1. When you take every Cα atom in the protein assembly as shown, what is the radius of gyration, and what is Dmax, the widest Cα pair distance, in Å?
2. Based on Cβ point charges of +1 for Lys and Arg and -1 for Asp and Glu, what charge dipole magnitude is obtained for the protein assembly as shown about its Cα centre, in debye rounded to the nearest 20?
3. Run the dipole for the stretch A:4-56 about the Cα centre, Lys and Arg Cβ at +1, Asp and Glu Cβ at -1, nothing else charged, and hand back the magnitude in debye, nearest 20.
4. State log₁₀ I(q)/I(0) for the stretch B:115-184 at q = 0.17, 0.23 Å⁻¹ as given by the Debye formula over alpha-carbon point scatterers of equal weight, solvent excluded.
5. For Cα pairs less than 8 Å apart in space and 6+ apart in sequence, what is the mean separation divided by the residue count of chain A, i.e. the relative contact order in percent?
6. Cut-off 11 Å, label point 7 angstrom out along Cα-to-Cβ of B:Ser65: give me the residues of the stretch A:15-30 whose amide nitrogen falls inside.
7. How are the C-alpha pair distances of the stretch A:4-56 spread across 10 Å bins, as whole percents from the shortest bin up?
8. Using each residue's phi in the stretch A:9-18, evaluate 6.51 cos²θ - 1.76 cosθ + 1.60 at θ = phi - 60° and report the 3J(HN,Hα) Karplus result to the nearest Hz, with x for Gly and Pro.
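Just so you know, all these numbers are worked out from the coordinates, no wet-lab data involved. Just so we're clear, the structure is a prediction, and the values are computed from it rather than from any experiment. Using ideal geometry, Cβ is built from the backbone for each residue, glycine included, and neighbour counts are taken over all protein chains shown.
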Amino acid sequence: MKDRKTIIESGMLEMYLLGLLPDEQVTALEKMLAEDAVLAKKYAEIEQDFENVSLENAIQPPNFIKEDLFAAIQEEANVKTLPKEEKLADEQNGGKTVSFLWIGIAAGIAAMFMISALWMFNQWNATQNDLQITQQELQTIKEQIANLEGNLKDAELLAEVVKDPNTLQYSLKGNDKIPNGFATAYINHQDKSAIVNAQKLPALPADKTYQMWADVDGEMINMGIIDKSKDVVVLNYIDKATSLNITIEPAGGSDHATVSQLVTNVYL
Amino acid sequence: MKDNTLLIEQFQNRDEAALSKLYDSYSGAIYGVIIRMCRNEEAAQEILQETFMKAWNKSHLYDASKGKFYTWLYRIARNTTLNFLRKQDKLIQTEDLSVYKDEGITENQELHTELKGVLAKLEPHHQKAIQLVYFNGLTHKEAHEEMGVPLGTFKSYVRQAVEKLRGHYAKESLILICILELLT
């Protein structure tokens, strides 16, 4: 097949548009047009230009042509349906009218039964689909409610702790391992409770977790794993702690703090 | 009609309202082609109706991926008109060719088929080349003989004319876009 430039310069596109291109070239050109976007664009432009030329040189035909056209279409549609009607009339006028009538009635009932069965089957299928969709939506709503309830409990817990005058608030700013990381710890020595808001701690890979430790006489005591999926995490209260510390540990937490992975701490 | 994909799909689904709209959009353009080809008002009216009947009955054969709907309709009109002309006496066909030379102006005035728009602004030989192949339905071979120039020269005329049309329409589109930009 010729290349794009040769096709354009040879006038093949215009000949194709006019219906003058030999059949053996039409197939090859159509294949090229389907594969070559530039050539297809060029052909589309030529088509549009010729359409514009035609519209600019349009001559309005008399109105009756349209009326005749639609009358002819109606007539053609009637002619197509007429033979069946005539055949039915002939049969009804013949000697076997009664038997044909019964066959007709039986066929009609059978057809109605088939249509009804099909309709009911479709309805049943549609109902099944609707039910499935509804169940899926219900499940999604349940999950959303559970999440909202979780969030509400967290918020209520945080509000209760914060408003208690005995609660002390400590800010834990991230070191160079998590420069923008930040956590807030709330310690209540009266209630002996400890919670942490870890929303601002950066997300960790799936095989890592944050863990909080209390320093008591130089020993790091485990306060618990910080679950990042929760806004507020309740931790173990440790008596006589001199500082709070957060480290990055393997998922599941460690028995002993990995001090080299300390990301933030605050003295109490 | 720039974006009539939906309308054409409806037409292909035997929607008479879609046929009506397509007829309103294109019958003038198609009739302009037919009447210039057959130069007979009465015959042109019959051929126009036949063209749309064929399009209606063969609508499933139209493939939008292969070109515009108008081009498909034009080809049906062209072939229908050429079939009509072939059925006429060969002598009349010969006379028809002579009509293009000698009585063209008079007939154009009577049938109001003088060329208009951008095509009328082209140089006479470019205008004539497009008129012969597009509006008179001649093959390139017939048309170059009609113009009295070698086939290669004639093909160049068509090519150049198409390029000139592109230039004019592209310029018009640009002006239109500028006007729309100014208005918004």
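1. 41.1, 122
2. With Lys and Arg at +1 and Asp and Glu at -1, about 720 debye.
3. It comes to approximately 240 debye.
4. Values, matching the q order: -0.62, -0.93.
5. Once divided by the residue count of chain A, the mean separation gives 10 percent.
6. Zone members listed by number: none at all.
7. Binned Cα distances yield the sequence 24, 58, 17, 1.
8. Working through the residues one at a time gives 6, 7, x, 4, 5, 5, 5, 5, 4, 6 Hz.
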